[in-house]
Amino acid sequence: MLIAAKAHCYGFLLRRFVEAIERADPELRLVLTKLCVLYSLHTLQETVGTYALQSGYYSPAQFSLVRSQVHLFIDLFFQKL
């Protein structure tokens, strides 16, 4: 139940983040979008993803893909800064 509550809260925060990006200065949208993707992938990997993997919602291959995307995205994100 606690994991479901956390997942709900993370989903709420993510929706608010996306809404804020839509209202942001156009010059900031790209970097904010990248930050939002990084936040969502990290949250999925560190919090919700572990439970989803253990419960069978995600396969090990899908969870591995999320993990690899986090590392790839971090590398790409910080190359451009």
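Bear in mind these aren't lab numbers, they're just calculated from the coordinates by the rules spelled out. Predicted, not measured: the structure shown is a model, and the values here were computed from it. Cβ coordinates were reconstructed from backbone atoms using ideal geometry, including for glycine residues, and neighbour counts include every protein chain displayed.
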From L2, L53, grab the single residue that is in contact with a Ser or Thr (Cβ under 9 Å, 6 or more places away or on another chain) and over 22 Å from D75 (Cα atoms). L53
Inspect all residues belonging to the range 46-68 and state whether any of them is among the hydroxyl-bearing types (S, T, Y), closer than 17 Å to R15 by Cβ and surrounded by 14 or more Cβ atoms within 10 Å (Cβ to Cβ). yes
